[in-house]
Amino acid sequence: MNFKKVGVVYRKELLEVLRDKRTLFATLILPVLLYPLLIVGFNSIMTRQTAVMEEQGATIAINDSVGNAVSRLLAEEIGTIDNYNLVPFTATTNQLYEDKDVHAIVSIGDSLGADGTQFYKVYVQYDKSKDRSRIVFDKLYDSFKASEKKLQKQQLQASGINPEFLDLISVRERDTSTAQKKMGMLLGMFLPYIMIIMLLSGASTVAADLVAGEKERRTLETLLVSSAARQELVFGKYLTIITLAMVNVVVNLFSISFSLKFMLANSAAEMSGVQMPISAILILLMAMIPLATFFAALLLSISTFSRNMKEAKTYEQPILWVAMMMAMVSFLPAVEMNNLMALIPVINIALLFKAVMINEYALSHLLITIGSTLVLDVLAIWATIKLFTSESVLFRSEDDSGSLKAVGKNKNNFFNPFYGLVYFSLALIALYYLGTYWQGKDLMSGLLKTQVFIIALPVYAIIRLLKLKEKEILRIKMPKATELLLIPFIAIPAAIIVSVISQLINIIFPFPPKYVEMLSKLFTMDASVWKVFLVMAVAPGICEEYLFRGFIIRFFEKYGTKVAIVLSALLFAAFHLDPFRFVPVFLLGLLLGYLTLRSGSLVNSMLSHTINNGLALVLVTYGSSAWLKPLISGEDSLHYWLIIPAVIVFTGAIYLFHKVTEKGVPECAE
């Protein structure tokens, strides 16, 4: 790769973007104007409005049904509040309250205790949905508490008891946090959300224009015939997106910092002397760079795949919504940074913000956050290069896009990534809502219904509706006898390997006790072993393979066998809605995809999947038996040394399977 040419492409793209007055205004000028207006302006308006509401006072209607010295004292105390006017309760008071001429109605009543002591009950009628009414109630409450204190002291003195007896236990707080740390806590809540959204929105505007926009303007062809290689073009555009995204973040951060500094200078004494945590912000800017590179690569992939700006914006919208939801984790009080959270994109940056702002972050979390984001970044840029080097992607027509019109012309146009993701999303929604409901009513029948009616049956219906050849599309054919003989020697070692990996994950990121308990219930249902085997091993082995290795994988085969296997495995892992088992299930999905596409038979993956789930059932059910004891550590965990023979057997069996299976992936047929 020629970095000089990358630099030329980078400068060319950057100059074109900077010539766009709208981009310059949205990136550089708008944030400088927006945050002072929002933070300083609204803060001043809110402070002024609160003061105005307090100065306006209120009209309070008093309904005194007791009429003694104590009830009169309560009313007199209210009268001492500035700008508060007392009126007696009359027949028209309720109408005046509805017309907002009376702001609260105070009703004073009494009752007698068992020993004849007179107790007083005060009811305050007010509209809690109104800011002014809430201020009125707070002032009335403070007034009644002050009156109560006076009356209690009078009663105690009359009985010859020291009034200080009321303060027998005095609780005082000693706050060890500094004003600077409080400031960091507040910034750590809303600043990550703003920065992540600004980063993504800034990058999306530029990314959509760099490839999809050039397709619309028909200038991409000119760029492609230049001396720069495709890879160099991608990196030039990639650096442009990163630059504009980070400039957007820095400008927004500067504007927010300046506005907050101005606000702090005019704040109460508690926050006086507080400075913006510059060192913390610099650390966070460094952590934002990998996220910016990831978003840039992801959005550039979308722009490359899209036929025009409109399509690119359509694909970008769900990513923006997901990022917004994930960034909102900074507002949740009980969520803290740990090794697991540091692996989840967007969430890791949001939680790292919170930890850094109060100076309670671990270097390991910072490194894991940066490292995991960079891994995703590499995968995303690799995908972008693959898309950019594909003529069929760069110059997709309407028929290539898989529109309903194109599907009508040729049924095989149905198998494109867009429809694959749409179908997966619908299946996931059905699993979450309907499947969870069924399983909540009855676990065993619910699991069986989920496999049949949510996972398998819709696939069969679509195949019939489109009049496709089911056996050919889903690769339903009997494999060779040698393949079937090798499957147990592949499936059992693979199950051992992923089980050991799961145990290692449990050491690094301990599974919650409730999760472990819930997982064990799946294999310890109140039924015979054979019924549990049918529901937990046979049904998933058939139905899930029917969906993922038979149907879903077809949507991605146009990008090659390896890509189809990886993407179907990712969706397979996500479909289980289990972050703790995501990696083991993903690895299993890779193996099952390989077995299907290598042999051209779905039966091989069905058998392997059934054996994998069946082995888990055996370990849970018979883990305490004498014949399994030498292999079991604890209740149902495997000894780690088992991974050595498992890897040896697995490697040998895969080698033999590769030798005996036919090469090539069967083409999708009608």
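The values are calculated or read from the model by the stated rules, or taken from the named source; none is laboratory data. Only a predicted model underlies this, so the values are computations on that prediction, with no experimental measurement involved. Cβ sites come from the backbone with ideal geometry, for glycine too, and all protein chains shown count toward neighbours. Keep in mind that these areas ignore ligands, DNA and RNA; they rest on the heavy atoms of the full protein, side chains included. Shrake-Rupley method; radii C 1.70, N 1.55, O 1.52, S 1.80 Å.
Residues in segment 362-397 that are farther than 30 Å from LEU223 by Cα and in a helix (DSSP H, G or I): LEU363, SER364, HIS365, LEU366, LEU367, ILE368, THR369, ILE370, GLY371, SER372, THR373.
Taking LEU547 as the residue in question, decide whether it is open to solvent by 40 Å² or more (accessible area, probe 1.4 Å), of a type in the set (A, V, I, L, M) and in a helix (DSSP H, G or I).
Working: open to solvent by 40 Å² or more (accessible area, probe 1.4 Å): no; of a type in the set (A, V, I, L, M): yes; in a helix (DSSP H, G or I): yes.
No; evaluated as a whole, the condition is false for this residue.
Across segment 290-308, what is the total count of residues that are surrounded by fewer than 18 Cβ atoms within 10 Å (Cβ to Cβ) and either modelled with pLDDT of 85 or more or in a helix (DSSP H, G or I) (or both)?
0
Among residues of segment 62-83 that are closer than 15 Å to LYS149 by Cα, those with a beta-carbon under 6 Å from a residue that is assigned to a helix (DSSP H, G or I) and open to solvent by less than 50 Å² (accessible area, probe 1.4 Å) at least six positions away or on a different chain give the pairs LEU73/SER147; LEU74/SER147; GLU77/SER143; GLU77/SER147; ILE78/SER143. Tallying residues that are more than 15 Å from VAL620 (Cβ to Cβ) and either touching a Pro at 6+ places or on another chain (Cβ under 6 Å) or not β-branched (Val, Ile, Thr) (or both) within segment 479-505 yields 15. Of all residues in segment 133-150, those that are within 16 Å of LYS121 (Cα to Cα) have Cβ atoms under 8 Å from Cβ atoms of residues that are open to solvent by 60 Å² or more (accessible area, probe 1.4 Å), 6 or more apart or on another chain, in PHE137/LYS128; SER143/THR80; LYS149/LEU166.
Just to verify a result, which residue in segment 500-543, among those that are closer than 19 Å to PRO584 by Cβ and not in a helix (DSSP H, G or I), is most open to solvent (accessible area, probe 1.4 Å)? My answer is PRO510.
Among the residues making up segment 427-436, a single one is open to solvent by 80 Å² or more (accessible area, probe 1.4 Å) and touching a residue at least 24 places away in the same chain (Cβ under 8 Å): TYR432.
Out of GLU76, GLU54, which single residue is part of a helix (DSSP H, G or I) and modelled with pLDDT of 85 or more? After applying the criteria, what remains is GLU76.
Only one of the listed residues (GLY560, GLY600) is in the same structural domain as ILE542 (by TED's automatic domain parsing), on the phi > 0 side of the Ramachandran plot and modelled with pLDDT of 90 or more. That residue is GLY600.
Per-residue answers, yes or no, for (1) modelled with pLDDT of 80 or more; (2) within 25 Å of the chain's Cα centre (by Cα); (3) under 14 Å from THR304 (Cα atoms):
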{"site": "THR178", "(1), (2), (3)": "no, no, no"}
{"site": "LEU187", "(1), (2), (3)": "no, yes, no"}
{"site": "MET198", "(1), (2), (3)": "yes, yes, no"}
{"site": "VAL206", "(1), (2), (3)": "yes, yes, yes"}
{"site": "LEU210", "(1), (2), (3)": "yes, no, yes"}
{"site": "SER226", "(1), (2), (3)": "yes, no, no"}
{"site": "LEU233", "(1), (2), (3)": "yes, no, yes"}
{"site": "THR240", "(1), (2), (3)": "yes, no, no"}
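The single condition among (1) under 22 Å from LYS521 (Cα atoms); (2) buried (at least 22 other Cβ atoms within 10 Å of the Cβ) that LEU619 does not meet is (2).
Taking the stated definitions as given, is GLN439 surrounded by 17 or more Cβ atoms within 10 Å (Cβ to Cβ), in contact (Cβ under 8 Å) with a residue 12 or more places away in the chain and not in a loop (DSSP other than H, G, I, E, B)?
no
Name the residue, out of ILE370, ILE381, that is at pLDDT 85 or above, within 25 Å of LYS237 (Cβ to Cβ) and not assigned by TED's automatic domain parsing to the domain that holds ILE197. Walk me through it before giving the result.
Numbers: ILE381 fails: not assigned by TED's automatic domain parsing to the domain that holds ILE197.
Going through ILE370, ILE381 in turn, just one is at pLDDT 85 or above, within 25 Å of LYS237 (Cβ to Cβ) and not assigned by TED's automatic domain parsing to the domain that holds ILE197: ILE370.
Taking into account only those residues within segment 384-400 that are of a type outside the set (A, V, I, L, M, F, W, C) and modelled with pLDDT of 80 or more, which is least open to solvent (accessible area, probe 1.4 Å)? Taking the candidates together, the pick is THR384. Tallying residues that are in contact with a helix residue (DSSP H, G or I) (Cβ under 9 Å, 6 or more places away or on another chain), closer than 23 Å to GLU148 by Cα and open to solvent by 60 Å² or more (accessible area, probe 1.4 Å) within segment 118-135 yields 3.
Within segment 340-361, track down each residue that is assigned to a loop (DSSP other than H, G, I, E, B), at pLDDT 80 or above and open to solvent by less than 50 Å² (accessible area, probe 1.4 Å). Let's see the steps before the verdict.
Applying the first criterion (assigned to a loop (DSSP other than H, G, I, E, B)) to segment 340-361 yields 340, 344-346, 358-361.
Those still in the list that are at pLDDT 80 or above too: 344-346.
Within segment 340-361, PRO345, VAL346 meet the criteria.
Is it the case, given these coordinates, that LEU186 is in a helix (DSSP H, G or I) and closer than 30 Å to ALA280 by Cα? Yes, satisfied. Any idea which of (1) in contact with a His (Cβ under 6 Å, 6 or more places away or on another chain); (2) open to solvent by 40 Å² or more (accessible area, probe 1.4 Å); (3) within 24 Å of ALA427 (Cβ to Cβ) is the one SER633 doesn't satisfy? Of (1) in contact with a His (Cβ under 6 Å, 6 or more places away or on another chain); (2) open to solvent by 40 Å² or more (accessible area, probe 1.4 Å); (3) within 24 Å of ALA427 (Cβ to Cβ), only one is false for SER633: (3). On the stretch given as segment 93-110, residues that are free of Cβ contacts under 8 Å to residues at least 40 places away in the same chain and open to solvent by less than 40 Å² (accessible area, probe 1.4 Å) total 2. Let me spell it out: the conditions are (1) open to solvent by 50 Å² or more (accessible area, probe 1.4 Å); (2) assigned to a helix (DSSP H, G or I); (3) among the charged types (D, E, K, R), and GLU173 meets all of them except one. Which number is the exception? Result: GLU173 fails condition (2) only.
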